[in-house]
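What follows is a short report on a single structure.
Laboratory data are not the source of any read-out in this text; all were calculated from the coordinates shown. In this text, all values refer to a predicted model and were calculated from it rather than measured experimentally. Here the Cβ is made from the backbone with ideal geometry for all residues, glycine too, and neighbour counts use every protein chain on show.
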Amino acid sequence: MCIRDRIYLDNAATTYPKPVSVLHSAEKALYDYGANPGRSGHRLSLETSRQVFYAREKCAEFFGGETENTVFTLNCTHAINFALKGVCNAKGHCHVITSDLEHNSVIRPLHALYKQKQINYSIADSGGSDDELLSAVEKQIRRDTAVVIMTAGCNVNGRVTPLARIAELCRKHNICLIADCAQAAGVIPLNLADGINIICAPGHKGLYGPMGTGVLVTDGKYPLSTLIEGGTGSASGEIDQPDFLPDSFESGTINTPGAIALGRGVEFVNSKGIDRIYAHEMSLCDLFIKRVENIGKIRVYRPEKVKSLPVVSFTAGDENSSVTADMLSKNGFYLRGGLHCNFLAHKKQGTLETGTVRLAPSVFNTRSDIIKLTELLYKKYS
């Protein structure tokens, strides 16, 4: 099946296709910048380092951070583990608050730290409004609470959390706020100036970079202990890991072509404009919801009274979501069925048994894509 016959709507898992500028930059990095950045003093290594620095600078600017406080990671999960374990290990035994909207990339590291007797944690009930979520977080705060870690937007139903208001609460109690921006980066504005202390984001989703890329951007207020030590190309005469960013968190050779291409992905998002991207993708989600309203077996799961990301979950009667997604795939529509690595959100909305099919458009999708999808759903489930 050629690319024009595919209708890809699984952009919450990874965006596809990628911008041409991203593809060309990755290819150019392999052909023209093949040396190891920050390791050698020859011209090719220095040029590679300049390209990586440029990409790091673009990522830092995008999230309102300093270039030296912007770390390239393998993905958002990698960044979350660095941030969460880095802060908690530096603090010592402490208490952490999260919510019932969280992806396994948050809840599993938390639970692992709990089992290792390094932390205790509480899960705040997100309720049905921003006020309810904020109140639930505030009620969970204890004297030893050191971290609040929360999604910027739920990957199952798109619910956006009020991070700026949560940041105010955290500042009041001297608590570090870590934001999991996996679903929201590149779709809604996210900035350290909002009071977030550490932003964790994937490169391959809303930033349109390649898979195998991510970033951690910190304001530097909270010390981070390292999880991985090794060669950094700096302080090579010392046995101790460098204590300065980004080197302390970039042991070993980074994904250089990926990092360079990610910089071009950020440029692409900037060129389109986040507000325009959000408006376009939300219009496609709204069109989908409107067109399936009269399909009796289709049930849409989307939060009310709160802001949403351009993500829509749905089920088809009592059919398991994997069956629905498989039918769609066989007809050339690529959406993800299942639990989306987020049992907490599915448990909250009552879809833990069946899962849901998730619609997640990108800047490259069109109204025609949605119309064709809903025509198939009407044919199958009316």
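Observations on the model:
- Ordered by the count of other Cβ atoms within 10 Å of each Cβ, fewest first, HIS204, HIS173 give HIS173, HIS204.
- Over region 1-141, Cα pairs under 8 Å with separation of 6+ residues give a relative contact order of 13 percent.
- Note on TYR54/SER382: beta-carbon distance plugged into 1/(1 + (r/R0)^6) with R0 of 56 Å gives a FRET efficiency of 0.60.
- Quarter of Cα convex hull surface for the chain, i.e. mean projection, nm²: 19.0
- Sequence of SER248, SER126, SER236 once ranked by neighbouring C-beta atoms within 10 Å, starting from the fewest: SER236, SER248, SER126
- Karplus 3J(HN,Hα) series, Hz, for region 331-336 with 6.51 cos²θ - 1.76 cosθ + 1.60 (x for Gly, Pro): 9, x, 10, 10, 10, 9
- Summary value for region 20-271: 28 percent relative contact order, contacts being C-alpha pairs under 8 angstrom separated by 6+ residues.
- Applying both filters, DSSP loop and at most 16 other Cβ atoms within 10 Å, to the trypsin sites (Lys or Arg not before Pro) of region 269-338 gives LYS297, LYS305, LYS307.
- Annotation: region 1-67 has a Kirkwood hydrodynamic radius of 14.4 angstrom, from the mean reciprocal C-alpha pair distance.
- Electrostatic bookkeeping for LEU344 treats Lys and Arg as +1 and Asp and Glu as -1; over the other residues with beta carbon under 13 Å from its beta carbon, the sum is 0.
- Under 18 Å from the Cα of LYS380 - aspartates and glutamates, other chains or at least 8 residues apart: GLU293, ASP318, GLU319, ASP326, ASP369
- Sparse-neighbourhood loop sites, GluC sites (Glu not before Pro) in region 253-362 - DSSP loop, at most 12 other Cβ within 10 angstrom: GLU293, GLU304, GLU353
- Flagged links, alpha-carbon separation over 31 Å, of LYS117/LYS221; LYS28/LYS272; LYS85/LYS330: LYS85/LYS330
- 0 to 90° range, to nearest 10: angle between helix 130-140 axis and the chain longest Cα axis: 50
- Length released on extending from SER271 to GLU66, taking residue separation times 0.36 nm less the Cα-Cα span: 71.7 nm
- Degrees separating the helix 43-62 axis from the principal Cα axis of the chain, which is the longest one: 50
- Entry note, the chain: the mean residue ellipticity at 222 nm calculated from DSSP H runs of n ≥ 4, each adding -39500 (n - 2.57), is -12500 deg cm²/dmol after division by the residues and rounding to the nearest 500.
- Distance between region 32-48 and region 137-192 - C-alpha centres, whole angstrom: 38
- Relative to the longest principal axis of the Cα atoms of the chain, the long axis of helix 104-115 lies at roughly 60 degrees.
- Mean-square fluctuations from a GNM of the chain, with a 10 angstrom spring cutoff on Cα atoms, peak among GLY355, GLY195, GLY230 at GLY230.
- Cβ-Cβ FRET estimate between SER21 and GLU353, R0 fixed at 51 Å, reported to 0.05: 0.75
- The ranking of THR351, THR374, THR253 by Cβ neighbour count inside 10 Å, starting from the fewest, reads THR253, THR374, THR351.
- Computed FRET value (nearest 0.05) for GLU304 with LYS330, which takes r as the C-beta separation and R₀ as 30 Å: 0.35
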